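**Q** First the structure, then my questions, so here it is.
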Amino acid sequence: MIPEAPPFRVMPFTAPESYLGAVKHGGEPGPDSFCFVFQQALLLIAGGAPGAQLPAHDDLVRLDGQPLRRLYLGTLDQRDCYAYEYPVDTPPPLDMLWLGLRSLYNKLDDSLFALAGRALQYIDWDRTHQFCGRCGTPTRHREHERARECPSCALIAYPRIAPAVMCLVRRGQQILLARSPHFLPGMYSALAGFVEPGESLEQCLAREVLEETGIRVANTRYFASQPWPFPHSLMIAFVADYAGGEITPAPDEIEDAQWFALDALPKLPNRISIARRLIDGVVGEMLAS
Ligand SMILES: [Zn+2]
């Protein structure tokens, strides 16, 4: 008998089960449509940060001017979802706010939060692919898939996703954490880096850990993945064992790296990120073993 696969770990920004993606041009939003309204990376929120809600479709007439773009996203619980982008400096209606998506974690409903991350990426992709990257002709939407096409040379541009690998290295009852210069003071995290063309995830992981800390790893195990919409990453997290080397932080990239005992961990990233889920998950397993 084939053993049942364990349930995958659901991270913030993972597509909700009741979401069905679709592409449709034309068709008008109705009163029960979900409207994800952005100004750059800021989302329009009714009701303030605690108990945050999306604006109703009828509320959009209270915004000055016209949207720069509107994209159909599909349905959530059989309700249509639309993403809008309004021009920079569009003032919010009296009882609404423009808020950064990160600040809405655990305040907006989880499903809406996840779709807001997807909407943000589609809006950003649509905005930055208005012209063909090969010949400069204005592009247009493809009818049946999420893509923009050049009518002149037929180049197709799909939403861009940049895979990045994350790794937590174990050595006995210690874990390797590091900090970049741009981290909040005192905060450490697992190591991470973008995958290069021609590189497998495992090769990327080994290279990043070696480049950033001088540590060699072995016995790599998959942990989980997370869509990360700032701006368009897919984080793929692993745990690995120490296989040799002395900590030598990469100048400019890594401010400090240390082996931390499980009872003396530093300040860690927020639980919105897979980094924290990875650290909590691995530390939990180590304490239980
Ligand atoms: Zn072209």
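The values are calculated or read from the model by the stated rules, or taken from the named source; none is laboratory data. This structure is a prediction, so every number in the text was calculated from the model and none was measured. As a convention, Cβ positions derive from the backbone with ideal geometry for all residues, glycine included, and neighbour counts pool all protein chains shown. Note: accessible area is taken over every heavy atom of the protein model, side chains too, but ligands, DNA and RNA are not part of it. Shrake-Rupley method; radii C 1.70, N 1.55, O 1.52, S 1.80 Å.
**Q** Determine whether the stretch 217-238 contains at least one residue that is within 13 Å of Leu177 (Cα to Cα) and not small (Gly, Ala, Ser).
**A** There is no residue in the stretch 217-238 that is within 13 Å of Leu177 (Cα to Cα) and not small (Gly, Ala, Ser).
**Q** Here's something else I'd like to know. Identify, please: which residue in the stretch 203-238 is farther than 12 Å from Val165 by Cβ and of a type in the set (A, V, I, L, M, F, W, C) and is, among those, surrounded by the fewest Cβ atoms within 10 Å (Cβ to Cβ)?
**A** Here the answer is Ala218.
**Q** If we keep just the residues of the stretch 153-172 that are open to solvent by 40 Å² or more (accessible area, probe 1.4 Å) and touching a strand residue (DSSP E or B) at 6+ places or on another chain (Cβ under 9 Å), which is nearest to the ligand (Cβ to nearest atom)?
**A** Checking each candidate, the answer is Leu155.
**Q** Where in the stretch 34-141 are there strands (runs of 3 or more DSSP E), lying wholly inside it, with at least 2 residues that are more than 16 Å from the ligand (Cβ to nearest atom), touching a helix residue (DSSP H, G or I) at 6+ places or on another chain (Cβ under 8 Å) and touching a residue at least 12 places away in the same chain (Cβ under 8 Å)?
**A** 34-39, 42-46, 69-76, 79-85
**Q** Please go through the stretch 176-208 and pick out each residue that is free of Cβ contacts under 8 Å to residues at least 40 places away in the same chain and of a type in the set (D, E, K, R).
**A** Scanning the stretch 176-208 gives Glu196, Glu199, Glu202, Arg207.
**Q** Against the definition (open to solvent by 20 Å² or more (accessible area, probe 1.4 Å) and free of Cβ contacts under 8 Å to residues at least 12 places away in the same chain), how does Asp256 come out, yes or no?
**A** No; evaluated as a whole, the condition is false for this residue.
**Q** Further, regarding this structure: Have a look at Gly21, Gly26 and point out the one that is modelled with pLDDT under 95 and either more than 16 Å from Ile123 (Cβ to Cβ) or open to solvent by 40 Å² or more (accessible area, probe 1.4 Å) (or both).
**A** Going through Gly21, Gly26 in turn, the sole match is Gly26.
**Q** So, one more: Select the strands (runs of 3 or more DSSP E) contained entirely in the stretch 193-261, then report the ones holding at least 1 residues which are more than 30 Å from Gly100 (Cβ to Cβ) and in contact with a Gly (Cβ under 7 Å, 6 or more places away or on another chain).
**A** The strands (runs of 3 or more DSSP E) meeting that bar are 216-228.
**Q** Here is a follow-up. Scanning the stretch 142-152 for residues that are surrounded by fewer than 14 Cβ atoms within 10 Å (Cβ to Cβ) and either more than 11 Å from the ligand (Cβ to nearest atom) or aliphatic (A, V, I, L, M) (or both), which turns out nearest to the chain's Cα centre (by Cα)? First the steps, then the outcome.
**A** Taking the stretch 142-152 as the starting set, the residues that turn out to be surrounded by fewer than 14 Cβ atoms within 10 Å (Cβ to Cβ) are 143-145, 151-152.
Pick out the ones that are also either more than 11 Å from the ligand (Cβ to nearest atom) or aliphatic (A, V, I, L, M) (or both) and you get 143-145.
Values: Glu143: 26, His144: 25, Glu145: 21 Å.
Checked the stretch 142-152; the qualifying residue nearest to the chain's Cα centre (by Cα) is Glu145.
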